[in-house]
Ligand SMILES: [Zn+2]
């Protein structure tokens, strides 16, 4: 049987998605063959729509389909607090909590020697510009609890300390339902650091 080139091409595209291996890519590609023309059209349009319509907010760096994101344009948000995250997706996680009412700033990555992200590639100048002479009283640094995340947090606290009175870091610690003997020493150290009065 001759190779089904168009199917192979589709498999390769699916294979580029995170956590989709060769087998799953093959299964997904075949499932497209069973779909109606209308559903396939809708699928193509949805893919293009995501790419064409969504961009990062020029103020905070969160994803939006409008000129500015709805967090930046919401006058009821607390403009004195800025939560700094690495990626636009992190904003969605915090928003899902429904309790944080401040604003955000997305760095677009973390400082990392390994995957080549340098300070210049992150949206740090934009952050400094934003907090300079602003009403921001607190910056909460919410980078991941990894070595790179820590490095980024320490760097940020140094460059921001002249502009903002309070710079805080998310408390990292013990996993709910976990046990102490299975907890690594970095997590334990952070848990002690982030202790609070009861
Ligand atoms: Zn925004």
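The values are calculated or read from the model by the stated rules, or taken from the named source; none is laboratory data. Just so we're clear, the structure is a prediction, and the values are computed from it rather than from any experiment. Neighbour counts run over all protein chains shown; Cβ positions are idealised from the backbone, glycine included.
Listed values, structure above:
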quantity: In the range 151-185, residue surrounded by the most Cβ atoms within 10 Å (Cβ to Cβ) [restricted to those that are free of Cβ contacts under 8 Å to residues at least 24 places away in the same chain and within 23 Å of the chain's Cα centre (by Cα)]; calculated: 153
quantity: Residue within the range 100-117 that is within 14 Å of the ligand (Cβ to nearest atom), closer than 30 Å to residue 13 by Cβ, more than 12 Å from the chain's Cα centre (by Cα) and at pLDDT 95 or above present; calculated: no
quantity: Hits in the range 56-66 (condition: surrounded by fewer than 13 Cβ atoms within 10 Å (Cβ to Cβ) and either near the ligand (Cβ under 10 Å from one of its atoms) or not in a loop (DSSP other than H, G, I, E, B) (or both)); calculated: 58, 66
quantity: Some residue of the range 15-23 being free of Cβ contacts under 8 Å to residues at least 12 places away in the same chain, within 17 Å of the chain's Cα centre (by Cα), loosely packed, with under 13 Cβ neighbours inside 10 Å and closer than 25 Å to residue 137 by Cβ; calculated: no
quantity: Tally of residues being surrounded by 12 or more Cβ atoms within 10 Å (Cβ to Cβ) and either away from the ligand (no atom under 14 Å from the Cβ) or in a strand (DSSP E or B) (or both) across the range 68-83; calculated: 6
quantity: Residues satisfying the stated conditions in the range 16-55, i.e. part of a loop (DSSP other than H, G, I, E, B) and out of contact with any strand residue (DSSP E or B) (no Cβ under 7 Å at 6 or more places or on another chain); calculated: 16, 17, 18, 19, 20, 21, 34, 35, 36
quantity: Conditions (1) over 20 Å from residue 17 (Cα atoms); (2) within 11 Å of the ligand (Cβ to nearest atom); (3) surrounded by 13 or more Cβ atoms within 10 Å (Cβ to Cβ): number failed by residue 86; calculated: (2)
